[in-house]
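Before any comments, here is the structure.
The values are calculated or read from the model by the stated rules, or taken from the named source; none is laboratory data. From a predicted model like this one, the values you see are computed outputs, not experimental measurements. Cβ sites come from the backbone with ideal geometry, for glycine too, and all protein chains shown count toward neighbours.
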Amino acid sequence: MNADLRATAAAMVAPGKGILAADESVATATKRLNGVGVESTADTRRTYRQLLLTTPSLATMVSGVILFDETLRQSTSDGVPIPALLGDLGVLPGIKVDTGAKPLAGHPGETVTEGLDGLRERIVEYVSLGARFAKWRAVIAVGDGLPTAGCVAANAHALARYAALCQEGGLVPIVEPEVLMDGDHTIGRCEEVTTSVLRAVFAELAAQRVDLEAMVLKPNMVLSAKLCLDRAEPAEVAEATLRSFRQVVPAAVPGVAFLSGGQTPEEATANLDAVNRQAGDAPWALTFSFGRALQDRALDAWRGEADNVDVAQEALFHRTKMNSAAARGAYSADMETVGMATVVL
């Protein structure tokens, strides 16, 4: 079993390929659809996600797609189950299995991600539906006195328990500890927190006997906070990110698929490119697992209109192409204007 999981994990971070995060909850999907004037129903959510998944040639740059529970159970307008559609395209279907970040008792301003209850049984069902990997997101806030040791420990333990259950059940776990960009902290503070969080996560993964070769890490890049007056440039982001990871991320991990975490699409791409340009002999693949940074331009172009499907897919293709180049350290800002003349955003 572990050999199969290791092969899947390696495929998820294949050279030049990343992961499309399309696992927004119903509430989040509703907010985003309403934001472009589209009523959120099971049908409109399926129509939008089908648009994303059927973008021509997407499989040349995307190894897998993280789905929400609703989407994993849906079929296309032609009656093809979504996981089967992805399989036919050569793309791995994944599934978000956590039930969200909830307030952590005794820790004001902090959360712990829930969803371990009944997870073993849900994994069995998800595998039967065609899922090949899973995702669980932990959220770490930075602020005055935050994060606390209790918050970091609770989330690291939950991530490790989730990862062990996934591997037991036949899914590759994406382990996602996100240090948030919210606030005004410096890149130095982000590096300090990111390093300590990753150290705690890998200690718990070891304690729970998780096979590091059969998982993918989905962390934040080391960044200045959104309100920081001195925002770090891509070269500094790359330097701090790689310095942090080299201290605490074991070489056995096959790949790091960064989250975009509040960056603009172009910022996320430029920072990913800088990381790969500086990576040298880093032991891990360094790629992307973006949601809004891939989807936002496509959603804005679509706006629920069938006549806009082609231009929306072109927008997604372009954004994915930029990140595929960045995952190889071959991105240039000049590439942003090539092939996008027909996309009006």
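Observations
- Selected residue (criterion: farthest from the chain's Cα centre (by Cα)) from residues of the range 265-294 that are polar (S, T, N, Q) and surrounded by fewer than 24 Cβ atoms within 10 Å (Cβ to Cβ): Gln278
Results for (1) over 23 Å from Ala149 (Cβ atoms); (2) polar (S, T, N, Q); (3) assigned to a helix (DSSP H, G or I); (4) touching a Phe, Trp or Tyr at 6+ places or on another chain (Cβ under 9 Å), shown as yes or no for each residue.
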| residue | (1), (2), (3), (4) |
| --- | --- |
| Arg189 | no, no, yes, no |
| Thr195 | no, yes, yes, yes |
| Arg199 | no, no, yes, no |
| Ala206 | no, no, yes, no |
| Leu229 | yes, no, no, no |
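- Considering residues of the range 97-123 that are surrounded by 12 or more Cβ atoms within 10 Å (Cβ to Cβ) and hydrophobic (A, V, I, L, M, F, W, C) only, the residue farthest from the chain's Cα centre (by Cα): Leu104
- Selection within the range 40-54 - in contact (Cβ under 8 Å) with a residue 12 or more places away in the chain and either surrounded by fewer than 17 Cβ atoms within 10 Å (Cβ to Cβ) or not in a helix (DSSP H, G or I) (or both): Ser40, Ala42, Thr44, Thr54
- Lone unmet requirement of (1) more than 28 Å from Ala29 (Cα to Cα); (2) in a helix (DSSP H, G or I) for Pro283: (2)
- Close pairs (6 angstrom Cβ cut-off, 6 or more residues apart or separate chains): modelled with pLDDT of 95 or more in the range 16-33, of a type in the set (Phe, Trp, Tyr) and crowded, with 24+ Cβ neighbours inside 10 Å anywhere: Gly18/Phe288
- Only listed residue being of a type outside the set (A, V, I, L, M), more than 27 Å from Ala251 (Cα to Cα), without any contact (Cβ under 8 Å) to a residue 24 or more places away in the chain and part of a helix (DSSP H, G or I), chosen from Asp300, Asp334: Asp334
Every residue, every condition in (1) closer than 25 Å to Ser224 by Cβ; (2) acidic (Asp, Glu), yes or no:
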residue: Pro147; (1), (2): yes, no
residue: Ala156; (1), (2): yes, no
residue: Ala163; (1), (2): no, no
residue: Gln167; (1), (2): no, no
residue: Val175; (1), (2): yes, no
residue: Met181; (1), (2): yes, no
residue: Asp184; (1), (2): yes, yes
